[in-house]
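Q: Submitted below is the structure of interest, expressed as structure tokens.
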Amino acid sequence: MAGKDKKKVSKKEQREQEKQKRIVKAQNAAQHAHEKKKENSVSEPSLKRSNKEKDNEAKMGKITYDSFTLRVHTLSPLHLGSGQADVNVDAEVVHDEVGLPYFPAKRLKGLLYESALEVTEMNTPMGNGAELRRELEALFHHGSQGEARLIIPNLYLVGYEEMKDDWQYLQSAYPEIFTANDVLEQYTSLRYQTRLDRMTGTAADGSLHNMRVVEAGLNFEGRIEILGGTERHFKLLALAFKNLTHAGVKRTRGFGCIDCLMLQGDKDIRTPLIRDVFKEGKSK
């Protein structure tokens, strides 16, 4: 009997070794394809060059009031639910077709509006709450029209386009090894929870459930635009992003802690904008 078990283990190990060899081969092929693609790539469109020029201005100390790159850094595991579930996962996270998680634009806009609303209710140096509230409603087009228009896209992992190309190649070339779920597991994990039975003090029958979470330490990015934006709009958003510290569910249990940076080039413009707000407040 022991001999049969040893033989089974040996075959299992052999299959695992073969799988690892195929993975290494596939990854090498993906890297080669990516390098070849970079060699044959054409120059960026003029619009992207324009954005880079604006970012360079920020590096020299000049802030432009039309767009910035928002970076959301996950400080703890984050669950942005997709509303989907299967036999293995009770609560899935939002992800694209290859399995890469992302931060949905609609969810982000709602969180930002709520945070900005809290800011308008605070006693900030930017002015009275009623005045800020009107500007906020106009910026988000909530029953009030204004010249400025806020455009928020989905936020994707830093380096998303390259990662997506590589994973798509691997999934196409080696579909038996690489699936969307395999990719998703590289950036997420499952967390299990139970409900206590108050009478017995033990886990209630049938209460075990799980949810998938995006790991801490990941960065999601996207370019935020404000058509017709002004310095005042940027300062209001800077306060709102500073105030936005949590997202997703289970926030009271340590999940969903985030930090939001407003970047132009390599410079975080959120900090100087907020500093200017309070300087102006002291001078009044």
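Q: Using R₀ = 41 Å, calculate the FRET efficiency as 1/(1 + (r/R₀)^6) where r is the Cβ-Cβ separation of residue 223 and residue 192; round to 0.05.
A: Working: r = 37 Å, r/R0 = 0.90.
It comes to 0.65.
Q: If I model a spin label at residue 210 and residue 232 as a point 7 Å from the Cα along the Cα→Cβ vector, what separation in nanometres do I get?
A: 5.2
Q: Moving on. Using Cβ contacts closer than 10 Å as the measure, can you line up 67, 82, 172 from fewest to most? Show your work: numbers first, answer last.
A: Values: 67 18, 82 15, 172 9.
Going from sparsest to densest Cβ surroundings: 172, 82, 67.
Q: Let's test the formula: R0 of 22 Å, r as the Cβ-Cβ distance of residue 13 and residue 185. What FRET efficiency results, to the nearest 0.05?
A: Numbers: r = 22 Å, r/R0 = 1.00.
In this case the efficiency is close to 0.50.
Q: List the pairs from 164/267; 242/267; 109/235; 164/242; 242/279; 235/267 whose alpha-carbon separation is above 23 Å, in the order I gave them.
A: Violating the 23 Å limit, Cα to Cα: 164/267; 164/242.
Q: Another question, then. Suppose the chain between residue 176 and residue 90 were pulled fully straight at 0.36 nm per residue; how much longer would it get relative to their current alpha carbon spacing?
A: Additional length available on full extension: 28.5 nm.
Q: Please give me the summed charge of the neighbours of residue 116: other residues whose Cβ is under 14 Å from its Cβ, Lys and Arg +1, Asp and Glu -1. All intermediate terms of the calculation are to be shown ahead of the outcome.
A: Details: positive: 109, 133, 134, 232, 235, 242, 270; negative: 114, 118, 121, 131, 135, 137.
It works out to a net charge of +1.
Q: Counting only other residues whose beta carbon sits under 12 Å from that of residue 148, what net charge do I get with K and R as +1, D and E as -1?
A: The answer is -4.
Q: Run the quick spin-label model on residue 130 and residue 82: label points 7 Å from Cα toward the beta carbon, then report their separation in nm to one decimal.
A: 4.8
Q: Label-point separation (nm) for residue 276 and residue 118, each offset 7 Å from Cα along Cα-to-Cβ?
A: Reported label-point gap for residue 276 and residue 118 is 2.5 nm.
Q: Give me the net charge of residue 217's neighbourhood, meaning all other residues with Cβ under 15 Å from the Cβ of residue 217; Lys, Arg count +1, Asp, Glu -1.
A: -2
Rule-based calculations on the coordinates, nothing more; no lab input. Owing to the predicted nature of the structure, the values given are computational and were not obtained by experimental measurement. Glycine gets a Cβ as well: all are built from the backbone with ideal geometry, and neighbour counts include every protein chain shown.
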